[in-house]
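Trainee: Dumping the structure here so I can ask a few things about it.
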Amino acid sequence: MSPRNYLLHTLMVASCILSPASTLGDEEQNHTEKTEMRNARMEWWREARFGMFVHWGLYSGLAGTWQGEKVVSAGAEWIQQRARADTWIYAHEAVPHFRPTLDFAKEWAKLAKQAGCKYVVFTTKHHDGFSLHDSSITTYDAQDLIGRDLCKEITEACKAEGLKVGFYHSVIDWHHPQYDYVTGRSLPHPLSKKPSPNGPRNHELYIDYLHHQAKELMSNYGTVDIVWWDYSKNEAAGSFWRADDLMAMVREHQPNIVSNNRLYHSFKIKEADERLKAWKPEQGDFTTPEQHIPSTGLPGVDWEVCMTMNTTWGYSEHDQTWKSDEVLIQNLVDIVSKGGNYLLNIGPKGDGSIPEASIQSMASIGRWMEVNGESIYGTTASPFGKPAWGRYTKTPEILYAHVFQWPEDGKLSITAEGIQVSRAYLLADKDQDLQFEMTTDGPLFSLPENAPDNQVSVIAIEHEITK
Ligand code: GLC
């Protein structure tokens, strides 16, 4: 079938096939879980601290350029909406540029592993509606358009490297003919504010389609460790997506899955927001500050900062504003010192290859993690305030001092009440004990003249706390 016929077929199939509406009992709908069970389910995620996010789909080959013009630099995965193109025109432009190499997924997984990530979350479907997985309910998927189940390839490659796997899935869908951007008026759409070309839309039909695809994802790829929904806003949240049913289905197929809260809540919730206090874990295990780090963390809540390395999630050839390795590593430390996880994004090109700047930065983070990883994995938020020179992370026995600014006079003061140091050393030189003296404020360390790490040097302080 020609791509045009595939698309026409997709539109017809999508509007005709319905999965039966879910009929769940009260028990499943009022999902509550004992704290110990939730803690057991969350354990690996809380220890992992660092994951790789991947935005990749039809938009990647367009690279921020639409019919020869630069359209978008930041947020290139939104190019269809920026170009105000319908699915047919968009796919016509994008499909020829979407040509994944045979081994692209292995390269991603290797890079994530080398960087020290413990998990990978990738876009099974972004807002454009194109599915990387083989979907029985549409032909607007990788299997039908390029003959490969890309979701399977990525999932298997990640698992082969021992990484946990997360499925990002957009509940917004610009391709589906019943996706009702008029009712969900807070949500973006290439035609927003314009009437629907196919007449009034039946939102429930789209929701059936969404649930059907989610069920395929939860059933056909073995264990899925994370489901990462994107996104809700104002009235288009929770029941708008029939979210309780959706989550009950997800839990039925993947009992240990960890989920974000974007099916119910806007990701714009900031730290002081009352809505954060009202949010319950059954509406998603963790919240997702996007492109910013909460200044003092989010106590009592699991959270993960997602962030780009430049300013776009999907690949843009126009965006060269890369964060330095120092910033990336300091962000990781900053987040972990406040009790969060870091989900750092790469935006591969249309052939699946990763931009060179991202490869270099991930490799550099990996070199840092090889030496200093024990101060990240399984550590928790610092009990002490932010010191001027850097950050703290900790385990019950060790306090890690992450030094961003190496002191010129070679003296580093730890203002930590009641701390009794038994031994301290640099993670970059574990055999060499550091000298220290006790002052009324806490221990004062004598450091070598030069910082052992260019970005962040870490001192491990074995101690007891006495009051
Ligand atoms: C927002 C954007 C989207 C990106 C996501 C990552 O929801 O719409 O393009 O995928 O954030 O967190």
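Condition check ((1) closer than 28 Å to L344 by Cβ; (2) open to solvent by 70 Å² or more (accessible area, probe 1.4 Å); (3) among the polar types (S, T, N, Q)) across all residues:
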{"residue": "V95", "(1), (2), (3)": "no, no, no"}
{"residue": "F104", "(1), (2), (3)": "yes, no, no"}
{"residue": "E107", "(1), (2), (3)": "yes, yes, no"}
{"residue": "S131", "(1), (2), (3)": "yes, no, yes"}
{"residue": "T138", "(1), (2), (3)": "no, no, yes"}
{"residue": "R148", "(1), (2), (3)": "yes, no, no"}
{"residue": "K152", "(1), (2), (3)": "yes, yes, no"}
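Trainee: What are the residues in the range 271-325 that are hydrophobic (A, V, I, L, M, F, W, C) and open to solvent by 20 Å² or more (accessible area, probe 1.4 Å), if any?
Mentor: Across the range 271-325, the qualifying residues are A272, A278, W279, I293, V301, W313, W322.
Trainee: So which residues in the range 216-231 are assigned to a loop (DSSP other than H, G, I, E, B), away from the ligand (no atom under 16 Å from the Cβ) and surrounded by 20 or more Cβ atoms within 10 Å (Cβ to Cβ), if there are any at all?
Mentor: The answer is Y221, V224, D225.
Trainee: While we're on this one: Within the range 100-111, which residues are touching a helix residue (DSSP H, G or I) at 6+ places or on another chain (Cβ under 7 Å) and touching a residue at least 60 places away in the same chain (Cβ under 8 Å)?
Mentor: Once the filter is applied, which keeps residues that are touching a helix residue (DSSP H, G or I) at 6+ places or on another chain (Cβ under 7 Å) and touching a residue at least 60 places away in the same chain (Cβ under 8 Å), the range 100-111 yields P100, A105, W108, L111.
Trainee: Now for a separate question. Quick check: anything in the range 122-135 acidic (D, E), away from the ligand (no atom under 16 Å from the Cβ) and touching a strand residue (DSSP E or B) at 6+ places or on another chain (Cβ under 9 Å)? First the steps, then the outcome.
Mentor: Taking the range 122-135 as the starting set, the residues that turn out to be acidic (D, E) are 128, 134.
Imposing the further condition that a residue be away from the ligand (no atom under 16 Å from the Cβ) reduces the set to 134.
Of the ones still in play, those that are also touching a strand residue (DSSP E or B) at 6+ places or on another chain (Cβ under 9 Å) are 134.
Yes.
Trainee: So, in the range 41-84, how many residues would count as being part of a loop (DSSP other than H, G, I, E, B), over 16 Å from the mean Cα position of the chain (by Cα) and under 20 Å from T311 (Cβ atoms)?
Mentor: So the first thing to find is which residues in the range 41-84 are part of a loop (DSSP other than H, G, I, E, B), and the list is 49, 55-57, 63-64, 67-68, 71-75, 83-84.
Next cut, over 16 Å from the mean Cα position of the chain (by Cα) only: 63-64, 67-68, 71-74, 83-84.
Right, trim to under 20 Å from T311 (Cβ atoms) and you get 63-64, 71-74, 83.
Counting residues in the range 41-84 that are part of a loop (DSSP other than H, G, I, E, B), over 16 Å from the mean Cα position of the chain (by Cα) and under 20 Å from T311 (Cβ atoms) gives 7.
Trainee: Follow-up. Considering only the range 355-387, how many residues are hydrophobic (A, V, I, L, M, F, W, C), assigned to a loop (DSSP other than H, G, I, E, B) and open to solvent by less than 20 Å² (accessible area, probe 1.4 Å)?
Mentor: The initial filter retains those residues of the range 355-387 that are hydrophobic (A, V, I, L, M, F, W, C), namely 357, 359, 362-363, 365, 368-369, 371, 376, 381, 384.
Filter once more, so that each one left must be assigned to a loop (DSSP other than H, G, I, E, B): 376, 384.
Adding the requirement that they be open to solvent by less than 20 Å² (accessible area, probe 1.4 Å) leaves 376.
Going through the range 355-387 one residue at a time, the tally reaches 1.
Residues checked against (1) within 16 Å of the ligand (Cβ to nearest atom); (2) at pLDDT 95 or above; (3) touching a helix residue (DSSP H, G or I) at 6+ places or on another chain (Cβ under 7 Å):
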{"position": "Q178", "(1), (2), (3)": "no, yes, yes"}
{"position": "V182", "(1), (2), (3)": "no, no, no"}
{"position": "R185", "(1), (2), (3)": "no, no, no"}
{"position": "P188", "(1), (2), (3)": "yes, no, yes"}
{"position": "K193", "(1), (2), (3)": "no, no, no"}
{"position": "S196", "(1), (2), (3)": "no, no, no"}
{"position": "N202", "(1), (2), (3)": "no, yes, no"}
{"position": "A214", "(1), (2), (3)": "no, yes, yes"}
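Trainee: Something else: So, in the range 388-433, how many residues would count as being in a loop (DSSP other than H, G, I, E, B), modelled with pLDDT of 95 or more and open to solvent by less than 60 Å² (accessible area, probe 1.4 Å)?
Mentor: 8
Trainee: Here is a further query. Pairs under 9 Å by beta carbon, first residue outside the structural domain of I79 (by TED's automatic domain parsing) and under 22 Å from E69 (Cα atoms) in the range 307-325, partner within 14 Å of the ligand (Cβ to nearest atom) and assigned to a loop (DSSP other than H, G, I, E, B), six or more apart or different chains?
Mentor: none
Trainee: Condition first: assigned to a helix (DSSP H, G or I) and among the aliphatic types (A, V, I, L, M). Can you find one or more residues in the range 157-173 that meet it?
Mentor: For the range 157-173, residues assigned to a helix (DSSP H, G or I) and among the aliphatic types (A, V, I, L, M): present.
The values are calculated or read from the model by the stated rules, or taken from the named source; none is laboratory data. Here the structure is a predicted model, which means the values were calculated and not measured. Backbone-built Cβ (ideal geometry, glycine too); neighbour counts: all protein chains shown. Calculation scope for accessible area: heavy atoms of the full protein, side chains included, ligands and nucleic acids excluded. Shrake-Rupley method; radii C 1.70, N 1.55, O 1.52, S 1.80 Å.
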